[in-house]
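Notes follow once the structure below has been shown.
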């Protein structure tokens, strides 16, 4: 017995591939049509060609948006990395310059003391150093008095101990103040480099010792300008990215845009296939060869359709044959049962006749 189901399955798969080949051929014809000069496009196909180009523009726009969003994201990463580098350099600029600030403060204070005509507005900068100098001078004067006083080494034990204790206290105060000097000089130096004191004085030594600080300040300004440029660029990129992504992050925005592209490409394929169908009815000379190939593909598809229909008819015929065989069996069973019933009926009729003969006339049975 032929295996109709297997053959139908095989031909259905072949037919599916043939149908896909025909659809691809229609799209190919459509692609040829959209590339033709407008004068060669069939009038019935012109609206579809225009529609196709509009869809293609949407695909190009979405694709460009994806590429631009990726480029912006990459550039933002570069900006973040660059800003970290510049900020690190900026934050480290003044490290190790404590000694320079101290020299600046010392030279500037000396110049301030030597030139009373220097702008008095800088007095507040040097106030701490001035107090330091006054304190040291007072301490030295007091120590000098003890050293010059012959009576300090005389007198009672308690008086001598008291004098020595006051000297020790003064020396301790001097040491404490002297330890504060570097910090005071550094503080003054830091404040002065942020003013125009150095340029106003224009002292050779002060210019020399302050050069590293001024170089660092110049570099800091360069770094701040570079950072601001990066911040401005990043802000512009954020605005541009949000415009392309509708405010979504890159993965979601990219997925949405790709969805737009996939949907548009599906629509483009439908339009191309429809163009192929239109061209097949009255093909322009430019696509005659492709239309011939399409017709051959459609002929093969129709042939497979016919074979499948015949196979399906054969498959149904087998089912009907089995039904007929089943009915024949039921008929035979029914005829045998009918014969049995007739035989039983004849026997019952014979029995009935015998009983009626034995009974006789029924009326005699009921007379008194």
Residues within region 259-285 that are touching a helix residue (DSSP H, G or I) at 6+ places or on another chain (Cβ under 7 Å) and over 20 Å from residue 27 (Cβ atoms), tallied: 1
Index of the failed condition, residue 38 passing every other in (1) in contact with a helix residue (DSSP H, G or I) (Cβ under 9 Å, 6 or more places away or on another chain); (2) more than 21 Å from residue 283 (Cβ to Cβ): (2)
Residue match in region 195-217 (condition: part of a loop (DSSP other than H, G, I, E, B), out of contact with any strand residue (DSSP E or B) (no Cβ under 6 Å at 6 or more places or on another chain) and in contact (Cβ under 8 Å) with a residue 12 or more places away in the chain): yes
Total residues in region 35-79, condition in a loop (DSSP other than H, G, I, E, B) and surrounded by 14 or more Cβ atoms within 10 Å (Cβ to Cβ): 4
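Matching residues to (1) buried (at least 16 other Cβ atoms within 10 Å of the Cβ); (2) out of contact with any strand residue (DSSP E or B) (no Cβ under 7 Å at 6 or more places or on another chain); (3) in contact (Cβ under 8 Å) with a residue 40 or more places away in the chain:
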{"residue": "259", "(1), (2), (3)": "no, yes, no"}
{"residue": "280", "(1), (2), (3)": "yes, yes, yes"}
{"residue": "292", "(1), (2), (3)": "no, yes, no"}
{"residue": "297", "(1), (2), (3)": "yes, yes, yes"}
{"residue": "309", "(1), (2), (3)": "no, yes, no"}
{"residue": "312", "(1), (2), (3)": "no, yes, yes"}
{"residue": "321", "(1), (2), (3)": "no, yes, no"}
{"residue": "326", "(1), (2), (3)": "no, yes, no"}
Answer from 16, 7, 32 - the residue that is at pLDDT 90 or above, within 38 Å of the chain's Cα centre (by Cα) and in a helix (DSSP H, G or I): 32
Test: residue in region 64-74 that is more than 30 Å from residue 224 (Cα to Cα) and touching a residue at least 24 places away in the same chain (Cβ under 8 Å): yes
Where a residue in region 82-103 is farther than 24 Å from residue 181 by Cα and its partner, wherever it lies, is not in a helix (DSSP H, G or I), with Cβ under 6 Å and at least six apart: none
Test: residue in region 152-172 that is assigned to a helix (DSSP H, G or I), within 30 Å of residue 95 (Cβ to Cβ) and either over 60 Å from the mean Cα position of the chain (by Cα) or at pLDDT 85 or above (or both): no
Qualifying residue in region 261-274 (condition: touching a residue at least 12 places away in the same chain (Cβ under 8 Å) and over 28 Å from residue 46 (Cα atoms)): no
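The values are calculated or read from the model by the stated rules, or taken from the named source; none is laboratory data. Note that the structure is a prediction, hence the values are computed from the model and not measured. Cβ: placed from backbone, ideal geometry, glycine included. Neighbour counts: every protein chain shown.
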